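Undergrad: What follows is a structure written as structure tokens; I'll ask about it next.
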Amino acid sequence: MGKALIIGAGGVASVAIHKCCQNPEVFEEICIASRTVSKCEAIKNKLAGGRTKIHTAQLDADNTDMVIDLIKSFRPDIVMNLALPYQDLSIMDACLATGVDYVDTANYEPPDTPKFEYKWQWAYREKYKQAGITGLLGSGFDPGVTGVFCAYAQKHYFDEIHYIDIVDANAGDHGYPFATNFNPEINIREVTAKGRYFDNGAWIETAPLSVKKVYDLPEIGPKNIYLMYHEELESLAIHIKGIKRIRFWMTFSDNYLNHLRVLQNVGMTSIEPIDFEGHSIIPLQFLKAVLPDPASLGPRTKGKTNIGCIIQGLKDGKPRTYYVYNVCVHEECYAEVGSQAISYTTGVPAMIGAMLTLKGIWKKPGVFNVEEFDPDPFMEALNQYGLPWQEDFSPTLLD
Ligand code: NDP
């Protein structure tokens, strides 16, 4: 059916590429392009011999002209941006210049400000509409599946949604004293940012990780969950009409938080450049270099993740509650695609978003968040491609 240019060759890209190759009717030909071409070659070598034809290319995606040249020579039907959030705009510009559809899993962040905001990418709405191309934003798990879960609840179970709590739990154990399970720089920037949630039309800020509760998660058990800001809150607060409150919670072990506190106290999480023996270095980037590579956690991580949405509102004038979630087993992901569940839960929805766009099911001119499309084909594909979901109509509610 089509050709995809996949930018990035890290944890998420590797899973998405495995999934594209499991779906060769849709992904007939792919090109894996990244800064370090040996990583693209390694993925290609692992998957060679299947029905999807695989090419590789060296690419610095910060350079729009290089992306344009690659698009012109490979002529893809879609570009899957699975590099880092810093590359979003240069890749969106290249798609605009060449008239090719775009999908990503994380919103743009300027390298010098840890800010999760859609405004830079939403600014492309009119230009994409005029060009007749689709920009699909945030097609990972959170953002991504969480937005699809909310749209599904809205479509099938509620007349009005009032409260949404997104709960992201990882009960996996990799056996290291401290490691982040996706790109350490992005992960630490996210975790050390202030908490923020939407309440009755206003955004309420909280000190980083200062609001904590215990939630008893299906198949995982009781865990400490911490209120955080997460980028899908911004788009869901707009797209779920009538929403009164929306919050995001994530689990962290005491051990992880103790290490993070010390690293923060000694200045290792800072993104301000410092002078070190005549070189300018950014402490957080140096920390990334000494921490375990997230890709190396795959064979070591055991346990489950559970990510879902607890939703409250009205149906036919009566109060209703609904919980929809996915449980993913780290070891099973590793056995299937050679990656742990964090990369798996992001890479699978990236493939699904691209597949629905390629098939024309999620294709319309403009720039959209996932909850703006019909959730049903995406929910069906989650069950088919390894992220089955479960429902509960009487979950414990968070106060
Ligand atoms: P990794 O660090 O494992 O991989 C990033 C890849 O991008 C690497 O191959 C890296 O190349 C490549 N890259 C970085 N800069 C450039 C550049 N300028 N040009 C070309 N390639 C570049 O990250 P992950 O796979 O863990 O994460 C990928 C994306 O997924 C991130 O944007 C992350 O925020 C997002 N994500 C989204 C989630 C969701 O649920 N929505 C959850 C988890 C992650 P090199 O090897 O040379 O460094």
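The values are calculated or read from the model by the stated rules, or taken from the named source; none is laboratory data. Fair warning: this is a prediction, and the values are worked out from it, not measured in the lab. When we count neighbours, we look across all protein chains shown, and the Cβ atoms used for this are built from the backbone with ideal geometry, even at glycine. Surface areas here come from the heavy atoms of the whole protein model, side chains and all, with no ligands, DNA or RNA. Shrake-Rupley method; radii C 1.70, N 1.55, O 1.52, S 1.80 Å.
Undergrad: What is the one condition in (1) within 16 Å of the ligand (Cβ to nearest atom); (2) open to solvent by less than 10 Å² (accessible area, probe 1.4 Å) that Ile342 does not satisfy?
TA: All conditions pass for Ile342, except number (2).
Undergrad: Test each condition in (1) within 16 Å of the ligand (Cβ to nearest atom); (2) open to solvent by less than 30 Å² (accessible area, probe 1.4 Å); (3) outside any loop (DSSP other than H, G, I, E, B) for Phe116 and report the one that comes out false.
TA: Just one mismatch for Phe116, condition (3).
Undergrad: Could you list, in sequence order, the residues of the stretch 130-146 that are farther than 20 Å from Thr251 by Cβ, under 11 Å from the mean Cα position of the chain (by Cα) and either of a type in the set (S, T, N, Q) or not in a loop (DSSP other than H, G, I, E, B) (or both)? So that I can check it myself, show each step before the final result.
TA: Filtering the stretch 130-146 for residues farther than 20 Å from Thr251 by Cβ gives 130-139.
With under 11 Å from the mean Cα position of the chain (by Cα) added as a condition, the list becomes 137-139.
Result: Leu137, Ser139.
Undergrad: Something else: Just wondering, is there one or more residues in the stretch 55-69 that are within 12 Å of the ligand (Cβ to nearest atom), outside any helix (DSSP H, G or I) and crowded, with 24+ Cβ neighbours inside 10 Å?
TA: Yes, there is a match, as at least one residue in the stretch 55-69 is within 12 Å of the ligand (Cβ to nearest atom), outside any helix (DSSP H, G or I) and crowded, with 24+ Cβ neighbours inside 10 Å.
Undergrad: Same structure again: Among Ile271, Ile246, which is aliphatic (A, V, I, L, M), in a loop (DSSP other than H, G, I, E, B) and either open to solvent by 40 Å² or more (accessible area, probe 1.4 Å) or outside the structural domain of Ala16 (by TED's automatic domain parsing) (or both)? I'd like the intermediate steps shown before the answer.
TA: Values: Ile246 fails: in a loop (DSSP other than H, G, I, E, B).
On inspection, the qualifying residue turns out to be Ile271.
Undergrad: Taking the criterion of being in a loop (DSSP other than H, G, I, E, B), within 15 Å of the ligand (Cβ to nearest atom) and not assigned by TED's automatic domain parsing to the domain that holds Ala295, would at least one residue in the stretch 28-39 satisfy it? Step through it out loud before you land on a result.
TA: Kept after step one, since they are in a loop (DSSP other than H, G, I, E, B), are these residues of the stretch 28-39: 35-36.
Still in the running and within 15 Å of the ligand (Cβ to nearest atom): 35-36.
Adding the requirement that they be not assigned by TED's automatic domain parsing to the domain that holds Ala295 leaves 35-36.
For the stretch 28-39, residues in a loop (DSSP other than H, G, I, E, B), within 15 Å of the ligand (Cβ to nearest atom) and not assigned by TED's automatic domain parsing to the domain that holds Ala295: present.
Undergrad: Let me ask another. Name the single residue that is nearest to the ligand (Cβ to nearest atom) among those in the stretch 119-149 being of a type outside the set (Gly, Ala, Ser) and loosely packed, with under 15 Cβ neighbours inside 10 Å.
TA: Here is the first cut: in the stretch 119-149, the residues of a type outside the set (Gly, Ala, Ser) are 119-122, 124-130, 133-134, 136-137, 141-143, 145-146, 148-149.
Now drop any that are not loosely packed, with under 15 Cβ neighbours inside 10 Å, which leaves 119, 125-126, 130.
Numbers: Lys119: 18, Arg125: 20, Glu126: 25, Gln130: 27 Å.
Top of the filtered list is Lys119.
Undergrad: Among the numbered conditions (1) crowded, with 20+ Cβ neighbours inside 10 Å; (2) in a helix (DSSP H, G or I); (3) not assigned by TED's automatic domain parsing to the domain that holds Tyr256; (4) not acidic (Asp, Glu), tell me where Tyr152 comes up short.
TA: (3)
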